[in-house]
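Novice: Dropping the structure in here first, questions after.
Just so it is clear, none of the values below were taken in a lab; they were calculated from the coordinates. As the structure is a prediction and not an experimental result, all values here were calculated from the model. Ideal geometry is used to build each Cβ from the backbone, glycine not excepted, and the neighbour counts take in all protein chains shown.
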Amino acid sequence: AIYQMVRGLFQLVFALGVMLFTGLTAKLASLAAEGNAISRFLAAFGKYLGIVLIIFALVNVILGLGLWLMQGWARMLTVVFTAISLAALLPFLIHPRPVALLFGLLNVAVILYLMMPGTKRLFQGSLP
């Protein structure tokens, strides 16, 4: 539960950084080319990508709270979202990075732990 909430907060900071960086990049592109289509594209892309990342971060925080409260829906959705995050790390298998490897191992550990029979039983009392 704590890992999910911390991961969500890190993703939120990353999303805000993406929005800020693409906004600054769009400003620089507009200064260099006097307001061309590239600057408008960069500004829109950064804004929408940032919004999607913020939503994903908030979902992770909500899942962390659900896990903390032992909700069955949170367990299943955490497995799904953690698998999606794990799939997003697959390109880093070509050029492994220590941080990506650490997060990959943490994601695998989360999935394995949440799918263990004992853990399933703990959450079964809260299924609708």
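Novice: With the Cα gyration tensor of the chain giving a ≥ b ≥ c as the square roots of its eigenvalues, does the rule (a/c under 1.5 for rounded; else a/b larger than b/c for prolate; else oblate) give rounded, prolate or oblate?
Specialist: prolate
Novice: Quick check: pseudo-label points 7 Å beyond the Cα along Cα→Cβ at Ala37 and Leu90, how many nm apart are they?
Specialist: Each label point is offset 7 Å from its Cα along the Cβ direction, giving 3.3 nm.
Novice: Same structure again: Quick one: putting +1 on the C-beta of Lys and Arg, -1 on the C-beta of Asp and Glu, what dipole do you get for the chain around its Cα centre, in Debye to the nearest 20?
Specialist: Charge dipole of the chain: 180 debye, to the nearest 20.
Novice: A follow-up question, please. I need the phi-derived Karplus couplings for the range 6-20: 6.51 cos²θ - 1.76 cosθ + 1.60, θ = phi - 60°, integer Hz, Gly and Pro marked x.
Specialist: 5, 4, x, 5, 5, 5, 5, 5, 4, 4, 5, x, 4, 4, 5
Novice: Could you give the length gained by full extension between Val99 and Ala1, i.e. 0.36 nm per residue of separation minus their alpha carbon distance, to one decimal place?
Specialist: In short, 33.2 nm is gained.
Novice: Lys/Arg Cβ at +1, Asp/Glu Cβ at -1, dipole of the chain taken about the Cα centre: which of Ile54, Leu69, Leu101 is farthest positive-ward?
Specialist: It is Leu69, whose Cα lies furthest towards the positive end.
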